[in-house]
Structures are given as C-alpha cells and as structure tokens.
Amino acid sequence: MLKLHPSLPALPLKPSAWDWLHRYGVTVVVHDPNSTRGGGYWHPDRRLVELFTAQEEAAIHELAHAWWHERRLLGRNAAELMVACVNLSEERDPRYARAAELANHYVYGITSQSDPQSPTGWWMGMLVGSSGGYDWEVFAGLASGVMGNLALLPPYIRRFYEGLFDESRE
Ligand SMILES: [Zn+2]
C-alpha cells in the first residue's frame, strides 16, 4: 500500500508503478480532501489525474486510466483486454464472482439501465454499445471494481494489472 498524495488514503499501487507514472509526468490533484463522494477525470493532454474528493475507488480508477493510456497501444493489448473481458464474463469460479459480474455488464450491457444515446434506450455495454470499444473503461472499471485487489481477478485478466497493483495488498 502506497501513500502517494497527502489527501488520499494509501493505495494498492506498486511503488515501481507510481515511479513510472511520476516519470511519465502524471500529477494528482484532489479538490475536496474532506469528502469521499467520488468522481474525477484523467486528462491525457495534461497527464493530470483530477479527483473531486479523496475517495479511494475514484483514485484507483483514474490512476488506472493513466497507467493504461499508452500500454493499450503496446502490441495487441487493447484487443486482448477485451477478449479477456469476454472470457471473464463466462467465469464461474466464485472467487472471481464480482469481477465476472462487472465483465458481464461490460459485454452485454444492462437492459434495466436507460441510456438516451443508445438506439435501444438501454445501456448496451462497452463492446457494442454507444460506448463500444472502450477498452480503457473496461481496464479502469475492473481496476476500481476490485479496488486493485489482484486476488479477485483470474490469471488471464490479472496479467494486465500486475505491473500496476501490489500482489500483497494488505
Ligand atoms: Zn473511467
């Protein structure tokens, strides 16, 4: 666990990952350290992680975006993550139930969740919906969905996160 900003709780990032992000030029701002309501943005043009509050989940999510921003372009990483997400949606091992449920939503969408951008009126997910092809949201969504805990991800998807998150989370 790593304390990388005075307003944030310790995060499950590897020290080497934070070193890399730092060298890459990533800075973190936290607008309201007294709130944990969440929300934030990754601004690639400024290499800025902007966090509205000190919420751990949002910090993990936006830092994951920063980490994946260029790694998605290495080899076939972006497509391989999407294939792994489809595999994860079929995962039946109860240890990975939370991640599998998220992957199911990313692949098939959520029929009960309305989406005015969508031709069906419901959110069609991140493969074929109006947010289709969003491997970067799959990456950051799974990261914050398991709060950076690699033990909650099966090996075929854990591999994408191994450089970023610490194996010994506690
Ligand atoms: Zn995001």
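Each reported figure results from applying straightforward, stated rules to the coordinates on display, with no laboratory input. Since this is a predicted model, take the numbers as computed values, not measurements. Here Cβ is always computed from backbone atoms with ideal geometry, including for glycine, and neighbour counts include all displayed protein chains.
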Mind pulling the angle between the C-alpha long axis of helix 97-108 and the longest principal axis of the chain? Nearest 10 degrees, somewhere in 0 to 90.
60 degrees
Along its three principal axes, how long is the chain when you only count alpha carbons? Whole Å, largest extent first please.
43, 34, 30
What shape does the stretch 77-158 have by the C-alpha gyration tensor, where a ≥ b ≥ c are the square roots of the eigenvalues, rounded means a/c under 1.5, and otherwise prolate means a/b greater than b/c and oblate the rest?
prolate
Assuming a ≥ b ≥ c are the square roots of the Cα gyration tensor eigenvalues, decide whether the stretch 78-126 counts as rounded (a/c under 1.5), prolate (otherwise, with a/b larger than b/c) or oblate.
oblate
CD proxy at 222 nm, helix term only [per DSSP H run n ≥ 4: -39500 (n - 2.57); per residue of the chain; nearest 500]:
-12000 deg cm²/dmol
What does the charge dipole of the chain about its Cα centre add up to, to the nearest 20 debye, if the Cβ of each Lys and Arg holds +1 and the Cβ of each Asp and Glu holds -1?
260 debye
Per 0.36 nm of contour for each residue apart, how much would the distance between ASP19 and THR120 grow if the chain were fully extended, relative to their Cα-Cα spacing?
32.0 nm
Distance from the stretch 21-50 to the stretch 72-131 (C-alpha centre basis), Å:
25 Å
Percent of beta bridges antiparallel (DSSP, the chain, rounded to nearest 5)
60 percent
